[in-house]
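Undergrad: Below are the structure tokens for one structure; questions will follow.
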Amino acid sequence: MDIFVGNLNYASTEDAVRELFEEYGEVASVKIISNRETGRSRGFGFIEMPNESEGKAAVEALDGKELDGRQIRVSEARAKPDSGQGRGDRSEFGGGSSEQDR
């Protein structure tokens, strides 16, 4: 089960989040999302718990709980919506020039 955790303190570590969730069962992975340019936490992350019933218990118990001075938000992660802007063929985007245009 994939779980979203938000409103994290920017100083919260993946180890601290893992420790909190492990109280409810096995944690396969923890990923706190960071800003690509600064490396600073963006204040949210994702936890993967292989056992769905343990994951649901964690969501129910931890939503609104305090971690590192912040009241965290915990919910089942939703699939990322398809924006229609794939990273494949970029020829659909206008602008620029090519050797053929010269």
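Undergrad: If the requirement is being exposed (fewer than 12 other Cβ atoms within 10 Å of the Cβ), modelled with pLDDT of 55 or more and touching a strand residue (DSSP E or B) at 6+ places or on another chain (Cβ under 7 Å), which of these qualifies: Gly55, Gly64, Gly69?
TA: On the way: Gly55 fails: exposed (fewer than 12 other Cβ atoms within 10 Å of the Cβ); Gly69 fails: touching a strand residue (DSSP E or B) at 6+ places or on another chain (Cβ under 7 Å).
The conditions single out Gly64.
Undergrad: Then there is this: Conditions: (1) more than 15 Å from the chain's Cα centre (by Cα); (2) surrounded by fewer than 19 Cβ atoms within 10 Å (Cβ to Cβ). Tyr10 meets all but one. Number of the miss?
TA: Only one criterion is unmet by Tyr10, namely (1).
Undergrad: I've got another one for you. Mind counting the residues in the stretch 32-52 that are surrounded by fewer than 13 Cβ atoms within 10 Å (Cβ to Cβ) and farther than 16 Å from Ser75 by Cβ?
TA: Residues flagged as surrounded by fewer than 13 Cβ atoms within 10 Å (Cβ to Cβ) and farther than 16 Å from Ser75 by Cβ within the stretch 32-52 amount to 7.
The values are calculated or read from the model by the stated rules, or taken from the named source; none is laboratory data. Keep in mind the model is a prediction, meaning the values are calculated, not measured. When we count neighbours, we look across all protein chains shown, and the Cβ atoms used for this are built from the backbone with ideal geometry, even at glycine.
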